[in-house]
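Just below is one structure, and these are the notes that go with it.
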Amino acid sequence: MADDASRKRTVRGPKIRTSREQKSGRRAKKELARSASNAGTRSGDTPLSDPAAIAPDPFVETDAVEALQHRIAGWLEAEQPVHLIGPTGCGKTALALSVAEERARPVVWINGDNAVDTAALVGSHAGGERYEETDQFVSGVTKKTQIVRERWVDNPLSVAVREGATLVYNEFSRSNPAAHNVLLSVFEEGVLERPGKHGEERTIDVHPEFRTILTSNDVEYAGVHEQQDALLDRFIGVHVDYYDDETERSIVAAHVDLADDDIGTIVETTRALRDELEIIVGTRAAITAAKGLAVFDHDGENGKFDDEMLTNVFTDVLAPKIAREGDGDIDELRSQISRVV
């Protein structure tokens, strides 16, 4: 394990906090910003969010993280949509949101799944609006006319394109590829077509500040759709893998109040399990394990977590992945984890 000086050298920016009071204050400010930006969303007015409201907290900035941030921001400045691809639990979403925050533009969030279709992206008719017009042009004669007009509601993509927002499309590859055909004209011609909309308002010119960051798991993951080549050719693909040992320690430390030695043990165990097990063991698993271990007692002799406790906690954290496979053996998983510990 590296010494404290080494850890401090790799940490960048004010977003690493060790004080609970500081964390609490930052969280409260974020919650206020989120509440304000979501007010319109709750009333159905807009999916736009203030960038401060979506900023990941806590967020760790080390040399490795900053290098990725600068790389993504550079491609966005070059007006290229960026597709972050990597294993689950490696921090793709937090990375995307951190870059979106730095742009200081409104942010629109989309979470991909099989239910997303073209209408969910661009908008649709949402019933009709009925109102009356009263004509009293002739004295003593009142004429009332009832008018019914279809009401169109723009969905996230239309709003982002029109307002010049940063579109963060999480789990992009979980959506059906057919829903993404509308993106071709956005990235190629700078125009969004809204099927179902009529007349001159059928299209929206893309705002010059509109940018897109997409995240996807690797293609071998369950539930991931293969997207059309015509669209993928217009993306910049940035592969995001698990971070180095020091960065993972800093990430876990930012989420859980534990001694450095304990965090080192958790991260070391996580990285060893990642190499030995066939299931995915991401940084998120290390954070979850640390949160669990933080509530258990330490071994009385040396203040360390004992092997049985580590085995039990990591088995609990990783057991859902075995259950998801349908043919997993929890006892075998526990045995594998015990050998690694």
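The values are calculated or read from the model by the stated rules, or taken from the named source; none is laboratory data. What you are looking at is a predicted structure, and each value in this text was computed from that prediction instead of being measured. Heads up, the Cβs are rebuilt from the backbone with ideal geometry, glycines too, and the neighbour counts pull from every protein chain shown.
Checking 245, 262 one by one, the residue that is surrounded by fewer than 19 Cβ atoms within 10 Å (Cβ to Cβ), within 24 Å of residue 280 (Cα to Cα) and not assigned by TED's automatic domain parsing to the domain that holds residue 58 is 245 and no other. With respect to residue 188, is the statement that it is in contact with a Gly (Cβ under 9 Å, 6 or more places away or on another chain), under 27 Å from residue 77 (Cα atoms) and assigned by TED's automatic domain parsing to the domain that holds residue 81 true? Against the criterion (in contact with a Gly (Cβ under 9 Å, 6 or more places away or on another chain), under 27 Å from residue 77 (Cα atoms) and assigned by TED's automatic domain parsing to the domain that holds residue 81), residue 188 does not qualify.
Among the conditions (1) closer than 19 Å to residue 249 by Cα; (2) basic (Lys, Arg); (3) at pLDDT 90 or above, residue 304 misses just one, which is (3). Only one of the listed residues (192, 184) is modelled with pLDDT of 90 or more and in a strand (DSSP E or B). That residue is 192.
Looking only at residues of the stretch 61-100 that are farther than 26 Å from residue 225 by Cβ and buried (at least 20 other Cβ atoms within 10 Å of the Cβ), we find that the one that is modelled with the lowest pLDDT is 62. Only residues that are under 27 Å from residue 85 (Cβ atoms) and either among the aliphatic types (A, V, I, L, M) or within 22 Å of the chain's Cα centre (by Cα) (or both) were counted across the stretch 254-297, and they come to 19. As a summary of the residue check, residue 180 satisfies the conditions (1) more than 30 Å from residue 88 (Cα to Cα); (2) in contact (Cβ under 8 Å) with a residue 12 or more places away in the chain; (3) assigned by TED's automatic domain parsing to the domain that holds residue 226 except for the one numbered (1). Just one of the listed residues (119, 126) is modelled with pLDDT under 90, under 30 Å from residue 173 (Cα atoms) and in a helix (DSSP H, G or I), namely 119.
Where residues in the stretch 195-219 are surrounded by fewer than 22 Cβ atoms within 10 Å (Cβ to Cβ) and of a type in the set (D, E, K, R), which of them is modelled with the lowest pLDDT? Step by step, filter the stretch 195-219, then rank; the result is 200. Within the stretch 165-176, residues that are surrounded by fewer than 24 Cβ atoms within 10 Å (Cβ to Cβ) sit with their Cβ atoms under 6 Å from residues that are charged (D, E, K, R), at 6+ positions apart or across chains, in these pairs: 174/113.
Of everything in the stretch 57-74 that's of a type in the set (A, V, I, L, M, F, W, C) and not in a helix (DSSP H, G or I), which residue is farthest from residue 100 (Cα to Cα)?
Among those residues, the one meeting the criterion is 60.
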